[in-house]
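What follows is a short report on a single structure.
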Amino acid sequence: MSNADALGDAVTTVMTANAVEPSAGRSHAADDGHTHETACLNCGTALIGAHCHACGQHAHVHRTLGAFFHDLLHGVFHFEGKIWTTLPMLALRPGTLTRNYIDGQRARFVSPLALFLFCVFLLFFVIQQTTGEMHIGGEQKTAVQASVAGQATQGLTAAQQELATKRAERAKLAAAGEDTDDADEEIANIEHAVSLMRAAKAAGSGEKLPSTGFAMLDDAIEHVSKNPELAVYKLQSHAYKYSWALIPISVPFLWLLFPFGRRRFPLYDHTVFVTYSISFMTLLTIVVMLGQSVGLTGLVLLYGIIPPLHMYRQLRGAYHCSRAGALVRTGALLVIAFVALTIFVSLIAAETAG
């Protein structure tokens with residue numbers, strides 16, 4: 001069932017219940033869209049504050065159109081105004097955000113898991129909007145593959161002839177005792193082009209590509225070469241479906257960074273840290289992708305500056321590390337992030353090739 005269908009069923013249910021029992025849960029003391037009851041409409045407990053201390057429901061139930069749409073947005077996004085408190089702290093004071101949430105100050109912030117799911121959804125939405133989806137029919141796909149194979153064959157022949165010519169010219173230069181640096185560079189470039197053309201020819205003609213030495217990776221490459229558009233679709237689908245696996249993959253590595261603080265910093269603390277950290281890196285990726293889509297290719301340089309700085313600040317604030325301790329752990333955390341991402345990509349590649 002789609003989200004639209006679910007929403008339609010929910011609205012229908014509410015309207016039906018309202019028609020059957022129109023007076024249920026209402027206070028007849030007001031017609032201004034607000035109830036002014038003295039007892040909770042949900043459980044009947046006497047009210048002594050803004051919320052019922054027995055069941056937690058709001059003391060006063062709003063019956064305005066604005067309140068209805070507020071509840072609708074809250075039901076869809078689960079964020080209300082918390083997102084505008086959480087995001088600035090996630091970007092500028094990630095350690096304080098992490099530590100406050102762990103210590104129980106949670107009313108003002110979006111939970112790590114909710115923020116993570118939102119960021120992952122937003123990332124794959126941006127990917128689809130900026131890269132587009134491949135829609136190639138069977139006949140058109142065959143024609144494209146044939147064209148690629150033909151162009152690769154024609155270009156490969158020309159490149160091989162040029163390579164032979166350049167090698168002959170270099171031999172003459174060497175025999176005359178002249179400098180061959182420029183010729184060597186040209187030959188290296190042509191050799192690289194020839195290797196790429198051979199790979200393109202093999203992919204287009206159905207020949208088996210050279211082995212990388214890793215069976216899992218070889219299977220994934222062969223699978224992609226046979227049906228690239230389906231492979232890309234499955235890759236995105238599996239990456240979106242299993243994105244949560246990054247959290248359990250990363251937490252044990254982070255736990256190892258605090259061998260003498262395992263009672264002080266249990267696994268829960270590391271899980272909150274990792275989830276907020278991945279959420280921020282996901283948002284950074286979204287910013288870079290959006291920037292590249294409008295021509296700001298230089299934003300990719302942010303990957304070399306912001307992640308280490310953000311990790312350092314989060315470690316300092318969340319674990320109260322010294323500067324030296326935070327620097328050492330930041331270096332280790334960068335390695336951990338690379339290892340965790342490699343494991344995740346390998347799992348997705350294996351799933352895609354399956």
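The values are calculated or read from the model by the stated rules, or taken from the named source; none is laboratory data. Just so we're clear, the structure is a prediction, and the values are computed from it rather than from any experiment. No Cβ is skipped: glycine too gets one built from the backbone with ideal geometry, and neighbour counts run over all protein chains shown. Heavy atoms of the whole protein, side chains included, go into the accessibility calculation; ligands, DNA and RNA do not. Shrake-Rupley method; radii C 1.70, N 1.55, O 1.52, S 1.80 Å.
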Inset, instruction - Scan region 103-110 and give yes if some residue there is at pLDDT 90 or above and either within 20 Å of the chain's Cα centre (by Cα) or of a type in the set (Val, Ile, Thr) (or both), otherwise no. - result: no
Legend entry - Neighbours by Cβ (under 9 Å, 6+ apart or cross-chain): first from region 70-94, at pLDDT 95 or above; second surrounded by fewer than 13 Cβ atoms within 10 Å (Cβ to Cβ): none
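Would you say ILE343 is open to solvent by 20 Å² or more (accessible area, probe 1.4 Å), touching a helix residue (DSSP H, G or I) at 6+ places or on another chain (Cβ under 9 Å), assigned to a helix (DSSP H, G or I) and touching a residue at least 40 places away in the same chain (Cβ under 8 Å)?
Values: open to solvent by 20 Å² or more (accessible area, probe 1.4 Å): yes; touching a helix residue (DSSP H, G or I) at 6+ places or on another chain (Cβ under 9 Å): yes; assigned to a helix (DSSP H, G or I): yes; touching a residue at least 40 places away in the same chain (Cβ under 8 Å): yes.
It is true that ILE343 is open to solvent by 20 Å² or more (accessible area, probe 1.4 Å), touching a helix residue (DSSP H, G or I) at 6+ places or on another chain (Cβ under 9 Å), assigned to a helix (DSSP H, G or I) and touching a residue at least 40 places away in the same chain (Cβ under 8 Å).
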Legend entry - Complete set of residues in region 122-150 that are surrounded by 13 or more Cβ atoms within 10 Å (Cβ to Cβ) and modelled with pLDDT of 50 or more: LEU122, LEU123, PHE124, VAL126, ILE127, THR130
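Yes/no matrix, rows are residues, columns are (1) buried (at least 18 other Cβ atoms within 10 Å of the Cβ); (2) touching a residue at least 24 places away in the same chain (Cβ under 8 Å); (3) of a type in the set (D, E, K, R):
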residue: VAL272; (1), (2), (3): yes, yes, no
residue: SER279; (1), (2), (3): yes, yes, no
residue: LEU309; (1), (2), (3): no, no, no
residue: CYS321; (1), (2), (3): yes, no, no
residue: ALA324; (1), (2), (3): no, no, no
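Determine whether TYR303 is among the aromatic types (Phe, Trp, Tyr) and more than 24 Å from LEU117 (Cβ to Cβ).
Numbers: among the aromatic types (Phe, Trp, Tyr): yes; more than 24 Å from LEU117 (Cβ to Cβ): no.
Considered against the rule, which asks whether it is among the aromatic types (Phe, Trp, Tyr) and more than 24 Å from LEU117 (Cβ to Cβ), TYR303 comes out as no.
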